[in-house]
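Student: Have a look at this one.
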Amino acid sequence: MKDLFDKIYRDKGPLGKWASQAEGYFVFPKLEGQISNRMKFQGKDVITWSINDYLGLANHPEVRKVDAEAGVAYGSAYPMGARMMSGHTELHEKLQQELAAFVSKESAYLLNFGYQGMVSTIDALVGKDDIIVYDVDAHACIIDGVRLHMGKRFTYKHNNIESLEKNLERATKMAEQTGGGILVISEGVFGMRGEQGRLKEIVELKKKYNFRFLVDDAHGFGVLGKTGAGAGEEQGVQDGIDVYFATFAKSLASTGAFIAADQEIIDYLKYNLRSQMFAKSLQMQLVVGALKRLDMLKTMPELKNKLWENTNALQSGLRERGFDIGTTQSCVTPVYLEGSIPEAMALVRDLRENHGIFCSIVVYPVIPKGLILLRLIPTATHTLDDVTETLDAFEAIRERLVNGTYKRLSASVTASVDK
Ligand SMILES: Cc1ncc(COP(=O)(O)O)c(C=O)c1O
């Protein structure tokens, strides 16, 4: 019989095999200093484009003050226990009410983390007779929620309404046999490539098919829509979203998340969300901090305006210089280049060491082989000078990629990994 660990000793996985070259630099890097547009990486100043602090709240003095005061007042333990047992407070309720009102839903419920919260929400919404239809490019938390489902599930091609309809037809036939219902899941903004989910067209399909619609708006909340209420507001279909989800981990620059829906649905979820029933309540410092951040989101439109000024300058600058930034419709700014993983490593090293630019790098298997995706997240803390510096750096690295410099530099890495 095999030892359970044999496979681990043998195969570190598609990303794990790069660990000796990548760890501490490309993955698990340590960014130091206060969260802002400029931080330190391995002792060097870098412009940071890898932090989802869209509105620049993470290190805003008013936010830091409230966080610190809440820490003093409540410590990090309060309240103890799960919401249902002993972890419920007036402020948890207040935050829920304010979040619900902000995203135009009757009610909301807090989640400790977006990831587990989404897994649990999907788990609670469907029974074995129900069918899930979801976008093939959905975030891991959606995929893992679907994994718990005991019934049928179908994926539709990314943001492809024709494919969604085909799958809805199949799902409808199947649901008629099982006696179940249908849950469709999309993201409000797809965080890797930045396109918005086609929420409007999906909601339109409700006229033809009977389904309920769950939207993960992690990257839309606080960023899109007139008031910042997200992708549903931006596309004018917030009413058509039956269960709206967003995390505090991006525009609110904190930890925690929430779901919002009709009162009766939230009342049901409150009693059936295993991630909340069997885990400690969201700690008070985070609740107080989220109330402050939500208030700033609502009352300081200048933060969102600055974010979009930076986003527009960065994205139009990249396009004007001939970069492929795909079809982003949000602040998420992908830059697609062609090259191998070792070339990508050499390129990113050049960007960080010689140009002081720190952005995320995404390679196969997250995206197709041969593509390099550099992902930039503008924030309200960036300046137009940061943008110009970054655009100049990108022009320089593209030239070196095309003239084969990185291929030469990376030859030894390729050889050692291929051994
Ligand atoms: C689309 C999406 N959903 C959910 C999550 C998880 O949120 P959290 O960080 O609160 O667990 C993320 C964060 O990475 C995300 O990008």
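Here's the yes/no breakdown for (1) within 26 Å of Ser36 (Cα to Cα); (2) buried (at least 18 other Cβ atoms within 10 Å of the Cβ); (3) more than 16 Å from the ligand (Cβ to nearest atom); (4) modelled with pLDDT under 95:
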residue	(1), (2), (3), (4)
Phe190	yes, yes, no, no
Glu195	yes, yes, no, no
Phe211	no, yes, yes, no
Ala218	yes, yes, no, no
Gly230	yes, yes, no, no
Glu233	no, yes, yes, no
Phe258	yes, yes, no, no
Glu264	no, no, yes, no
Asp267	no, no, yes, no
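Student: Which helices (runs of 4 or more DSSP H) sit wholly inside segment 237-330 and have at least 1 residues that are farther than 29 Å from Asp123 by Cβ?
Tutor: Numbers: elements: 263-270, 274-277, 284-299, 301-320.
So the answer is 284-299, 301-320.
Student: So the check is Cβ under 9 Å with 6+ separation or different chains; which pairs have a first residue in segment 160-182 that's more than 16 Å from Lys207 (Cβ to Cβ) and a second one that's of a type outside the set (Val, Ile, Thr) and assigned to a helix (DSSP H, G or I)?
Tutor: So the pair list comes out as Gly180/Met174; Gly181/Ala175.
Student: Hey, which of the helices (runs of 4 or more DSSP H) in segment 48-151, taking only ones fully inside, have at least 2 residues that are within 16 Å of the ligand (Cβ to nearest atom)? Step through it out loud before you land on a result.
Tutor: Numbers: elements: 61-74, 90-102, 114-125, 140-147.
Per the criteria, 90-102, 114-125, 140-147.
Student: Can you tell me which of (1) assigned to a helix (DSSP H, G or I); (2) within 16 Å of the ligand (Cβ to nearest atom) is the one Lys206 doesn't meet?
Tutor: (2)
Student: Test Val63 against the stated conditions and say whether it is touching a residue at least 24 places away in the same chain (Cβ under 8 Å), surrounded by 15 or more Cβ atoms within 10 Å (Cβ to Cβ) and touching a strand residue (DSSP E or B) at 6+ places or on another chain (Cβ under 7 Å). Write out each step before concluding.
Tutor: Numbers: touching a residue at least 24 places away in the same chain (Cβ under 8 Å): yes; surrounded by 15 or more Cβ atoms within 10 Å (Cβ to Cβ): yes; touching a strand residue (DSSP E or B) at 6+ places or on another chain (Cβ under 7 Å): no.
No.
Student: Cβ-Cβ below 6 Å, separation at least six or inter-chain, first residue in segment 104-129 and under 16 Å from Leu183 (Cβ atoms) and among the polar types (S, T, N, Q), second within 15 Å of the ligand (Cβ to nearest atom) and in a helix (DSSP H, G or I): which pairs?
Tutor: Between residues of segment 104-129 that are under 16 Å from Leu183 (Cβ atoms) and among the polar types (S, T, N, Q) and residues that are within 15 Å of the ligand (Cβ to nearest atom) and in a helix (DSSP H, G or I), the close pairs are Ser120/Ser275.
Student: Of Gly180, Gly225, which residue is more than 16 Å from the ligand (Cβ to nearest atom), closer than 19 Å to Thr155 by Cα and of a type outside the set (A, V, I, L, M)? Don't jump to the end; show me each part of the working.
Tutor: Numbers: Gly225 fails: closer than 19 Å to Thr155 by Cα.
It is Gly180.
Student: Pairs please, first residue from segment 362-390 and closer than 16 Å to Leu15 by Cβ and touching a residue at least 60 places away in the same chain (Cβ under 8 Å), second anywhere and part of a loop (DSSP other than H, G, I, E, B) and among the basic types (Lys, Arg), Cβ atoms under 9 Å, 6+ apart in sequence or on different chains.
Tutor: Pairs that qualify, where the first residue is closer than 16 Å to Leu15 by Cβ and touching a residue at least 60 places away in the same chain (Cβ under 8 Å) and the partner is part of a loop (DSSP other than H, G, I, E, B) and among the basic types (Lys, Arg), are Ile367/Arg193; Leu373/Arg193; Arg375/Arg193.
Student: Only one of these conditions is not met by Glu93: (1) closer than 25 Å to Ala229 by Cβ; (2) of a type in the set (D, E, K, R); (3) surrounded by 15 or more Cβ atoms within 10 Å (Cβ to Cβ). Which number is it?
Tutor: With respect to (1) closer than 25 Å to Ala229 by Cβ; (2) of a type in the set (D, E, K, R); (3) surrounded by 15 or more Cβ atoms within 10 Å (Cβ to Cβ), Glu93 is out only on (3).
Student: So, of the residues in segment 235-256 that are surrounded by fewer than 23 Cβ atoms within 10 Å (Cβ to Cβ) and among the charged types (D, E, K, R), which turns out to be farthest from the ligand (Cβ to nearest atom)?
Tutor: Taking the candidates together, the pick is Asp239.
The values are calculated or read from the model by the stated rules, or taken from the named source; none is laboratory data. Quantities reported herein were computed from a predicted structural model and do not represent experimental measurements. With ideal geometry, Cβ positions are generated from the backbone for all residues, glycine too; neighbour counts draw on all protein chains shown.
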